[in-house]
Amino acid sequence: MKTRILRYLKHLGLTILVLLLILIPVGISEGAQVSYGHDATSLNFDGEGPYAFYKNDSLVTVKYIRGNKDDGFAIDEKDFSVNQPIPAEVYFPLDQTKFNFTIPTSFETPRSIYRDNKKILAISDIESGFKTFRDFLIKNKVIDKNLNWIFGENHLVLLGDFVDRGFSTTQVLWLIFKLEQEAKKQGGTVHFILGNHELKNMYGDHQAASLKYTFVASMLGKTQSELYSKDAVLGRWLSSKNVIESINGTLFVHGGLHPEIAALNMSIPQINAFMRKTYYEAPYPKVDEDKKEFLISSKT
């Protein structure tokens, strides 16, 4: 009897293991996320923002979400001239972190090639993890505990997929935005090289985004795609970025490079200029005699 029970439990355990081995990869491929120990504070909407949108050629509207589920929500909204630096504050509810900065309203396209002898620190796939990103930068002496740039004239290379999956996309993007300005004042550079998840949010694929941002967009009277459109400050900022850069002889991209790219006979600046025109288009290549469409294929 005992032997039969043990045999039954063994078969049951093997069955469960096989099912897990099948279901976990399928779930991940369909966008499922492993989740444990979520703090309810991560879904605190009070202070969420800023969300800045161009109202016309002369004004930018800045919005913050205020309130909670019990008492209701409201939008704190104010217009600013595009000719003035816009004061902004970001709040991270998990540990009550706050940081302040100013928002410029026009953006230059970064260079594609850099040559100097400065240090390079590269990281990718933060996926909305503000605390991890912040603590990594502090540990590696890129920023101090007050989130100020202390990396001097060196290069911080952010290789895409800093958005989606988590609850602090807005906080991550504005921290990059802030550090970019501070680094420039010290002769350093923050390189935000776009990955497929930044582009997904720009052309309207939000399957991997936290449900939080569906609610955020609704509260703001926007669709989720509008959060990163060319009418949004963050969207216009993202659309200025590159997808490939050469820094001190090393090529940096998100994901990798297909060998056939070498046969395109395009310079790095030419690749960036071509790709920048496609940021708000889903990656469905069209017939193209010069093969440039090869660059936007999700398979290549």
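Laboratory data are not the source of any read-out in this text; all were calculated from the coordinates shown. Nothing here was measured: the structure is a model prediction, and the numbers come from that model. Here the Cβ positions follow ideal geometry from the backbone for every residue, glycine too, while neighbour counts run over all protein chains shown.
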(message) Once the cut-off is 36 Å, how many percent of the Cα-Cα pairs in the chain end up in the long-distance tail?
(response) 24 percent
(request) Convert each backbone phi in region 185-199 into a coupling constant with the Karplus relation 6.51 cos²θ - 1.76 cosθ + 1.60 (shift: θ = phi - 60°), then list the ³J(HN,Hα) values in order as whole Hz, x for Gly and Pro. (result) 5, 9, x, x, 9, 9, 9, 9, 8, 6, x, 5, 6, 4, 5
(request) Output the antiparallel fraction of DSSP beta bridges having both residues in the chain, as a percent to the nearest 5. (result) 75 percent
(message) With θ taken as phi - 60° and the coefficients 6.51, -1.76 and 1.60, list the Karplus ³J(HN,Hα) couplings across region 207-218 in order, rounded to whole Hz; mark glycine and proline as x.
(response) 4, 8, 7, 4, 4, 3, 7, 5, 5, 4, 4, 4
(message) At R0 = 35 Å, how high is the FRET efficiency between A40 and E281 if r is their beta carbon distance? Nearest 0.05 is fine.
(response) 0.40
(message) Please give the charge dipole size of the chain, origin at the Cα centre, charges +1 on K and R Cβ atoms and -1 on D and E Cβ atoms. Round to the nearest 20 debye.
(response) 920 debye
(request) Rank by packing, highest mean first: peptides 142-153, 197-208, with packing defined as the count of other Cβ atoms within 10 Å averaged across residues. (result) 197-208, 142-153
(message) Let me make sure I get this right: for region 110-246, a, b and c are the square roots of the gyration tensor eigenvalues over alpha carbons, sorted descending. Under 1.5 in a/c it's rounded, otherwise prolate if a/b > b/c, else oblate. Which is it?
(response) prolate
(request) Place +1 on the Cβ of every Lys and Arg and -1 on the Cβ of every Asp and Glu in the chain, take the dipole about the Cα centre, and give the residue among S58, A262, N201 whose Cα lies farthest towards its positive end. (result) A262
(message) Quick check: convex hull over the Cα atoms of region 183-253, volume per residue in Å³, rounded to an integer?
(response) 110 Å³
(message) What translational diffusion coefficient, to the nearest whole µm²/s, does region 169-208 have by Stokes-Einstein, given a Kirkwood radius computed over alpha-carbon pairs, a temperature of 20 °C and 1.002 mPa s viscosity?
(response) 187 µm²/s
(request) Enter the Cα centre distance for the pair region 225-255 and region 133-188, rounded to the nearest angstrom. (result) 15 Å
